[in-house]
Amino acid sequence: MRAQASGGPEWKTRSCYPWLLVAVIAGALGVGGAQNTPGHSLGHSTTTIRVDAVHVVKKFDPNHALGTSIDILRPSEVDKVYSEGILKESLSAGWGPITYRQNTELQGAAWHWNRNGTWSDATHQRGYFTGSPEPAEFIRHSYGYPLPHRGNTHGDGHMRGKYSRITDGDPNTYWKSNPYLSSHYTGEDDGLHPQWVLVDLQTVERIDTLRIDWANPYATMYEVEYWNSEREPLSNPTDGAWIAFSHGIVTQGRGGTETLKLSSEPKSVRYLRIWMTKSSNTSETEDNDPRSSAGYAIRELYVGTLSSDGQFVDLVTHVPDQDQTVVFTSSADPWHSALDLTPDAGDQSGLDLFFTSGITNQLPAMIPIAMLYGTPEDAAAEIAYVKKRGYPISYIEMGEEPDGQKMLPEDYGALYLQFAKAIHNVDPSLKLGGPVFEGVTQDIQVWPDGKGRVSWLGRFLDYLQEHGRISDLSFVSFEHYPFAPCEITWSDLYQEPELTKTVLQIWRADGVPANVPLMNTESNLSWALTQPMTDVFAGLWLADSVGSFLTYGGDAYYHSPIQPETLRPGCRGWSTYGNFVADQNLDIHGHTAQYYASRLINLEWVEHDRGEHSLYRGSSDLSDGAGHALITVYPVKRPDGEWSLLVINKDQSNPHPVQVQFDADDGRAQVFTGPVTMITFGSEQYAWHSDGIHSHADPENPPLGRTDPGGPDASFTLPRASVTVLRGRVGDR
């Protein structure tokens, strides 16, 4: 049996257990639950749930399709999260496999998955680090090293000292692009992988001059352009166009400090871009490493006006913090030094701790490699290490959120192919994928290429196809955070199935081959903390999200995170991510609605460790006045032949009695026969109260279970705002 079968609240999954006997007694006294009296409706007519029992939507194994994740931790939390008691609680939510999230990429940091390894400049402990592939000491902790040649002002780690080196006011620091995007490594002309710097002046300004203080290597060919729209160009890439200044095209750049009079008259501009297509291939250092002379490097930028007497008025704010003029760049050089380590930025679980602690549930795990800010050699060494330890890998995610790092798809594709080659030299059978998109619900668009193509994923897939390497993509992964945290309303529940359906259809329309699985490798209600995450709303959302994902073509769903996190203020009240209500010491004092919904999904709806389940379509004819489906249903036939229906009643105010009809291939209508198990969790069991550090659920009761006879007249009352599993055998009326 799997470890999560124990731990957590003491409630079980079969009618012979004491908790369910209590529920049966409660049902006999008329307290909620199923009703087998024909037409019993509590004032509402009986709704029919119809199951298409003929056409299988998909077959899936919960041990592969339903998982969870572990993310970056505070250094002080690692021992607690991996303690026996916390692990037992974490696994008790019932999820199967686990995916290891790579947060250092979001911080613009190089990941030292192994502190033992070699530097390209060993004398000075700097350069490009490659972790040792040879198992030695037990790896319990690992950390990120913020890149000293970073370019982006903002990012996930900006509150941890991250800011652009281009407008930090220090002429001794500089941004440098990723050398692995140069012709020396891609085998392609640099013009096919232009690198760029985008400056946001925050408001429209009159400008006519740009001063660039280049480092080495510098651009010998580049264009200076302005954005002709009021809308931000990274988030709205098709709402405007980049137009070169009349004197902004440079074909013989000489480096050093270049002052360009961009136009004869000042132009009203907010966004400015430097588009670099040919490098000097000169080095800032004296080493012989080809990476030092590959790409482009800028010390500082100055934007403003030049008076008739030659006086330059600079509009850029040069400070080493978030108050600097905002800059975004195309990539960053993974060069760094031992002195760049900042352990307080977070602890990525050591690979040995991760694989031996039990958190993987004795199943192969999905692990990442650092690609956007790493080297192919280091990625290959990581995988070699894991294989030498004998740890089972299911999939490898290549980098983390390149869309969030503002990377163009061809650049991601070029890195992907280099890293894939290095990893497959270790083991050709390994399954690689990505790009690990941010939690989007629509297609990701980028600035048009020469053919007018704007789809990020479409262009990435085209890049792999054009290079004859589409076989290196074994899966496509993305995150799912559907709702803005401060704007969530109950009506958002009605949107979830359609949002899921739409984004899955988009990925296929972009060109993901039919045989390449689609994986949601990180998910929750919202990308930022919000009170509904702990309320019953989140339990209903999770059930609907999992069911609709599998129904509409998804292949693996990972709910985040597995570990407890501290209770803290979020948007609209106190809350926490995931399954547990925990204090500052991570001591668990309660469980969230997502926890109980997770148990229903994993321990009642499906059956882990039993193999393949068959998913069918189900529907009801009940809707509200606006046409929203109030009841959604996801039927599976389990390996033992038992039918199990995951049913969500989204009506906040009313219970609804339902009858279930299974439509057979010969036109016959079948029904549940024999005993029917009904397990329900909803607003009658759980209500969240936001009260600062004392926030809690009251009531907080586990799902209510009972067993009733089936038959042609059997009906089952779905409590208001609830998730219910109906499980039993099916036969003729």
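Read-outs: derived from the displayed coordinates by stated rules, not from any lab. These numbers come from a predicted model, not from an experiment. Cβ: placed from backbone, ideal geometry, glycine included. Neighbour counts: every protein chain shown.
Estimate the FRET efficiency between Lys451 and Ser235 by the formula 1/(1 + (r/R0)^6), using the beta-carbon distance for r and 30 Å for R0, to the nearest 0.05.
E(calc), rounded to 0.05, equals 0.85.
Our analysis of the chain gives Rg over Rh at 1.02, with the two radii drawn from alpha carbon positions and Rh computed by the Kirkwood formula. Long hydrophobic helices in the chain, taken as whole DSSP H segments with a C-alpha length of 24 Å or more on their own axis and mean Kyte-Doolittle hydropathy at least -1.0: 409-426, 492-509. Relative to the current alpha-carbon distance between Ile470 and Thr203, full extension at 0.36 nm per residue lengthens the span by 91.8 nm. Against the compact-protein benchmark of 2.2 N^0.38 Å, the Cα-based radius of gyration of the stretch 250-334 scales to 1.30. Spacing of the modelled spin labels on Gln362 and His589, each 7 Å from Cα toward Cβ, amounts to 3.5 nm. Taken along the Cα-to-beta-carbon direction at a fixed 7 Å, the label points for Asp61 and Ser614 span 1.9 nm. Taking K and R as +1 and D and E as -1, what net charge do the other residues with C-beta under 12 Å from the C-beta of Leu567 add up to? Neighbourhood net charge equals -3.
On the principal axes of its alpha carbon atoms, the stretch 158-333 extends 43, 38, 34 Å, with the longest extent given first. Taking Rh as the Kirkwood radius, which is the inverse of the mean 1/r over Cα pairs, what is the Rg/Rh value for the stretch 580-644? Ratio of gyration radius to Kirkwood radius: 1.15.
Pairs with C-alpha atoms separated by more than 32 Å, drawn from the list Lys80/Lys176; Lys80/Lys162; Lys59/Lys431, are Lys80/Lys176.
Which trypsin sites (Lys or Arg not before Pro) from the stretch 190-240 combine a DSSP loop assignment with at most 14 other Cβ atoms within 10 Å? Walk me through the numbers on the way to the answer.
Numbers: sites: Arg206, Arg211, Arg231; in loops: Arg231.
Answer by residue number: Arg231.
In loop segments of the stretch 136-197 as defined by DSSP, the chymotrypsin sites (Phe, Trp or Tyr not before Pro) with at most 14 further C-beta atoms inside 10 Å of their C-beta are Phe138. Taking the centroid of alpha carbons for each part, the stretch 662-701 and the stretch 247-272 are 64 Å apart. Helical runs assigned H by DSSP (4 residues or longer) give the chain a calculated mean residue ellipticity at 222 nm of -5000 deg cm²/dmol, each run adding -39500 (n - 2.57) before division by the residue total. For the chain, the relative contact order comes to 19 percent (Cα pairs under 8 Å, sequence separation of at least 6).
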